[in-house]
1. Does region 219-242 hold any residues that are outside any loop (DSSP other than H, G, I, E, B) and closer than 27 Å to residue 161 by Cα, and which are they?
2. So which of 15, 37, 43 ends up being surrounded by 13 or more Cβ atoms within 10 Å (Cβ to Cβ), under 29 Å from the mean Cα position of the chain (by Cα) and not assigned by TED's automatic domain parsing to the domain that holds residue 256?
3. Sort out which residues of region 49-71 are surrounded by fewer than 18 Cβ atoms within 10 Å (Cβ to Cβ) and touching a helix residue (DSSP H, G or I) at 6+ places or on another chain (Cβ under 6 Å), and write them in order of number.
4. Does region 196-214 contain any residue that is free of Cβ contacts under 8 Å to residues at least 40 places away in the same chain, in the same structural domain as residue 345 (by TED's automatic domain parsing) and either farther than 23 Å from residue 371 by Cα or within 19 Å of the chain's Cα centre (by Cα) (or both)?
5. If you check residue 292 against the conditions, is it assigned to a helix (DSSP H, G or I) and within 24 Å of the chain's Cα centre (by Cα)?
6. Do we have any residue at all in region 592-607 that's outside the structural domain of residue 331 (by TED's automatic domain parsing), more than 23 Å from residue 182 (Cβ to Cβ) and either touching a residue at least 12 places away in the same chain (Cβ under 8 Å) or not in a helix (DSSP H, G or I) (or both)?
7. Pairs under 8 Å by beta carbon, first residue over 11 Å from residue 34 (Cβ atoms) and outside the structural domain of residue 495 (by TED's automatic domain parsing) in region 46-61, partner modelled with pLDDT of 90 or more and surrounded by fewer than 18 Cβ atoms within 10 Å (Cβ to Cβ), six or more apart or different chains?
8. Report those helices (runs of 4 or more DSSP H) wholly inside region 493-589 carrying at least 1 residues which are under 30 Å from residue 479 (Cβ atoms).
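The values are calculated or read from the model by the stated rules, or taken from the named source; none is laboratory data. Treat the numbers as computed from the prediction; the structure is a model and nothing was measured. Methodologically, a virtual Cβ is constructed for each residue, glycine included, from the backbone with ideal geometry; neighbour enumeration extends over all protein chains shown.
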């Protein structure tokens with residue numbers, strides 16, 4: 001979560017040092033440990049440091065190896081030993097560091113760039129957003145990690161190119177306006193997120209999409225994709241235990257690379273994804289100070305997460321802290337932070353999550369989550385058809401027997417959901433709800449009805465064996481989720497890390513057969529045998545009983561007018577009179593959509 005910023009004047013004009021320092025200091029919340037800048041005539045880089053590893057104690061940025069190539073990065077590089085082997089095989093001489101000092105992530109990126117040039121990104125694992133100024137080639141080279149965990153924003157104002165981790169930082173620049181991007185706002189109101197990965201909610205600010213690089217020349221930035229989800233042949237092992245062993249190997253590597261050297265927090269529920277991460281972390285070391293965190297409902301609605309998360313924590317001998325969520329009001333101001341993000345987010349319960357992350361920050365600077373497990377272990381939705389067409393009943397019965405023997409459950413095979421989908425496609429699916437409160441001129445100007453229809457029809461990744469997993473992992477939802485966890489939104493000094501989004505884990509889980517490993521997340525249940533309580537391993541995935549927003553809205557004391565005082569500018573997007581509580585209650589399945597005008601209103605008030 002360190003902060004990066006840079007200015008390049010392609011016309012050769014000198015960078016204003018005071019301005020660069022002002023931009024850098026605006027990100028001190030991202031890097032409270034150190035701030036520094038480097039300038040050389042028309043190029044300036046800034047960095048704010050947030051240290052989470054032993055190696056980072058030696059790290060100083062902006063960084064260089066030779067005085068000619070300079071780096072500013074928010075990065076954590078995984079698979080360090082493998083990368084060093086590649087560098088050595090390519091003939092790169094790693095200059096020995098002083099005694100007791102470790103090679104830090106900035107050095108690794110620079111060595112990779114010196115060795116492989118722009119193809120360095122093909123050899124980097126981890127979460128990163130960085131910019132390298134190459135004085136020899138008079139070139140700025142930037143890159144963002146595979147799934148967009150680390151943010152990267154930029155703007156081109158005439159001959160001046162500015163980039164940063166933070167939209168707030170860019171808006172501090174006098175040349176960058178707060179003019180809004182209406183198309184992105186339309187996407188937010190319809191889909192809860194901006195569907196265009198290369199744009200932001202501000203007209204002047206662009207985003208570097210995940211798995212892309214950017215090169216800057218005198219004619220402007222050139223953006224290129226460097227990685228896509230692998231479409232490999234299915235992985236076939238003779239022995240079932242080989243799948244389990246392989247998964248445990250890659251998951252252990254992913255968790256180990258993400259664990260800091262001292263304390264770590266774990267976001268824990270009673271589900272298999274976060275519990276598997278917790279079990280892996282505990283298996284790697286018993287010395288590290290691990291603590292689990294979860295938020296629960298004790299009175300407002302039925303919720304057994306306190307019980308199930310407590311079971312996991314007790315079995316793994318990890319202390320657990322619970323945050324009771326019952327008394328949080330919708331659109332309540334966070335108690336622990338005065339920081340106000342300039343990123344548009346859907347924030348009915350932002351106060352809960354901000355206070356939750358603030359509690360985590362009292363224990364550790366790093367938190368691991370189980371996000372991504374659902375997407376990676378999505379069973380094939382055409383499995384029943386495959387079985388029936390191939391008459392592979394022998395294999396099916398063996399998979400069923402293996403699942404029951406391994407974790408005491410028959411796998412849910414998806415026949416019922418498959419038949420339901422067939423019926424829906426034959427009879428026509430129910431039309432999705434389209435909001436009635438959009439302003440007409442805004443709706444026509446941004447062609448929102450057409451965009452809505454286009455998204456309902458959607459494009460399918462049908463060429464992939466694990467179609468649903470590929471569709472989910474390719475969604476712009478994930479960078480949005482990572483942004484929601486970012487200190488830009490939470491205001492808390494915590495860096496969240498995602499073992500299931502480790503490329504080694506992704507490559508393996510996308511290659512395994514869906515049966516029996518994906519049904520009921522059988523692979524996780526089998527791999528954690530002897531680590532997690534049987535009640536957890538045999539517990540099927542459950543949905544939350546009631547929506548936490550709907551429960552609050554149903555309370556007699558809840559009045560929309562207490563939370564919705566329209567600000568100037570909202571009427572450009574919303575017909576305010578059409579936003580009413582009756583619609584919320586008549587369409588409870590669309591409660592989050594009906595709340596989006598309120599989130600937009602809060603954001604406009606901050607601006």
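1. Across region 219-242, the qualifying residues are 220, 221, 222, 223, 224, 225.
2. Every option except 37 fails the conditions.
3. Answer for region 49-71, where residues must be surrounded by fewer than 18 Cβ atoms within 10 Å (Cβ to Cβ) and touching a helix residue (DSSP H, G or I) at 6+ places or on another chain (Cβ under 6 Å): just 65.
4. No: zero hits.
5. no
6. no
7. What qualifies is 46/21; 46/36.
8. 503-509, 514-517, 522-527, 548-554, 581-586
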